[in-house]
Structure formats: C-alpha cells, structure tokens
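**Q** Here's a structure for you.
The values are calculated or read from the model by the stated rules, or taken from the named source; none is laboratory data. For clarity, every value in this text was computed on a predicted model and none was experimentally measured. Every residue, glycine as well, gets a Cβ built from its backbone with ideal geometry; the counts of neighbours run over all protein chains shown. Accessible surface is based on the protein model in full, side chains and every heavy atom, while ligands, DNA and RNA are left aside. Shrake-Rupley method; radii C 1.70, N 1.55, O 1.52, S 1.80 Å.
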Amino acid sequence: MVKIVLIIFILICFFLLGEELYRSFKKKYSDISDLVKVLEVLNMQLEFGLYTLEEVFEKIGNKKEFNISYFFEALSIKLKENNKSLDDIVNESIPIINQKTNLSISEIEEIINLINNLGKSDYYSQKRIIDLAIENLKKNEKEAFLEIKTKGILYKKLSLTMGFLLVIIFL
C-alpha cells in the first residue's frame, strides 16, 4: 500500500514539474504578445501627440491586464517624482520586468532601447523606432510559440518519462 502511494506521489510530482515548465514557456509567449499590444497602444498614444511620455506611460500603467503595465506605471511615477534622466529611471525600473514577466534579455533590451530613444527625435522617427521594436518582438513571439510546441511539450513528456523510469527503478 505504501509503495502504491509512493509511486503515485512520484508520478504526480514529475507530472506537475513538466506542467510547470510548459506553463513557463506559455507565459513567456503571453508576455511577449502583451508587450506587442502595449507598444501598439504606445504608438497610437504618441500618434495623437496630445500626451507627454509621462502621461502615455501612466495610461499604459493603468491597463492592469498586462503584466508589463507595472513597469510603465513605475516609469510614470518616477518621472513625476524625480529629476533624473529617462535612462536612469528605466534602468531603476528594470527589476519590475524581471519580477512580473518571463521576458528574456533580448526583449528587455528592446524595451530599454525603445524607451531611451523616445522623445529624442521627431514623431516620424519615433514611429519608425516603435514599428521596428514591434517587428522585432513579433519575431521573438514566433520563436516563443515554436518553443512552446517543441521545448515545452518535450520537457512535459520528458519529466513524466523520468517519473516512470524512477518508479520502475524503485520497483
């Protein structure tokens, strides 16, 4: 009886491990997709030209359905409070992205480059910068989707197989 409970426990643990790995790949894909949506909103807000960066970041920060919105909310608050440069404020706020999302270094660098270049040129240059960032992130989104289909499913099956092998060894 104890052996059966132990076998079931091992299989469940390895199954949950595989599911957690699979979910992390799905979360990364979801975060990149959300980031693309946020940048499209940013592009639209800047297109109207009625808002400052602080106001645009605040509007994006209010969209709590996106995990990245916490980063933009922090940017908005720090822009209101501090006399620091935008570069310094972005660098101080990067840990929020690491805490709230599964974005990789390349996506984070894309955000940093984009935000640091906002406001330094005319509208058309900013629009091209945002469009380029969206295009790059869409490529990363496709790669993340492929990772779900390949690595995510592989890790899911591999962890379950390891659980079965461990059970066979213990028998």
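**Q** Roughly how many nanometres apart are two label points built 7 Å out from the Cα toward the Cβ at LYS63 and ILE169?
**A** 4.8
**Q** In angstroms, what radius of gyration and Dmax does segment 1-103 have, counting Cα atoms only?
**A** 20.1, 71
**Q** Given points 7 Å out from each Cα along the Cα-Cβ axis, report the ASN113 to GLU143 separation in nanometres with one decimal.
**A** 1.2
**Q** Considering only protein heavy atoms and a probe of 1.4 Å, how much of the accessible area of the chain is carbon and sulfur, as a whole percent?
**A** Carbon and sulfur: 61 percent of the exposed surface of the chain.
**Q** If we sort 3-10, 63-70 on the protection proxy, mean other Cβ atoms within 10 Å, highest first, what's the order? Don't skip to the answer; put the middle values down first.
**A** Working: 3-10: 11.9, 63-70: 16.6.
Per-residue mean Cβ counts within 10 Å order the peptides as 63-70, 3-10.
**Q** What helices does the chain have that are whole DSSP H segments, at least 24 Å long along their own axis by Cα, and with mean Kyte-Doolittle hydropathy of 1.6 or more? Please report the intermediate quantities before stating the final value.
**A** On the way: long enough: 2-48 (68 Å, 0.92); 123-147 (35 Å, -0.81); 153-170 (26 Å, 1.84).
Span-like helices here: 153-170.
**Q** Taking a probe of 1.4 Å, how large is the accessible area per residue of segment 3-116, in Å²? Could the numbers behind the result be given before it?
**A** Numbers: 6140 Å² over 114 residues.
Accessible area per residue: 54 Å².
**Q** Can you work out the FRET efficiency for the pair ILE10 and ILE153, with r the C-beta to C-beta distance and R0 = 22 Å, to the nearest 0.05? Present the calculation step by step, with values, prior to reporting the outcome.
**A** Values: r = 21 Å, r/R0 = 0.97.
Result of the calculation: an efficiency of 0.55.
**Q** Computed over the Cα atoms, what is the radius of gyration of segment 24-171 divided by 2.2 N^0.38 Å, N being its residue count? Each step should come with its number before you reach the end.
**A** Values: Rg = 18.9 Å, N = 148, 2.2 N^0.38 = 14.7 Å.
Computed over Cα atoms of segment 24-171, the ratio equals 1.29.
**Q** Here is a follow-up. Just from its helices, what would the mean residue ellipticity at 222 nm be for the chain, if runs of 4 or more DSSP H residues each count -39500 (n - 2.57) and the sum is divided by every residue, rounded to the nearest 500 deg cm²/dmol?
**A** On the way: 7 runs with 140 residues, N = 171.
Value at 222 nm, helices only, nearest 500: -28000 deg cm²/dmol.
**Q** Please report the relative contact order for the chain, taking Cα pairs under 8 Å with a sequence separation of at least 6, and give it as a percent rounded to a whole number. Don't skip to the answer; put the middle values down first.
**A** Working: 158 pairs, mean separation 65.9, N = 171.
Answer for the chain is 39 percent.
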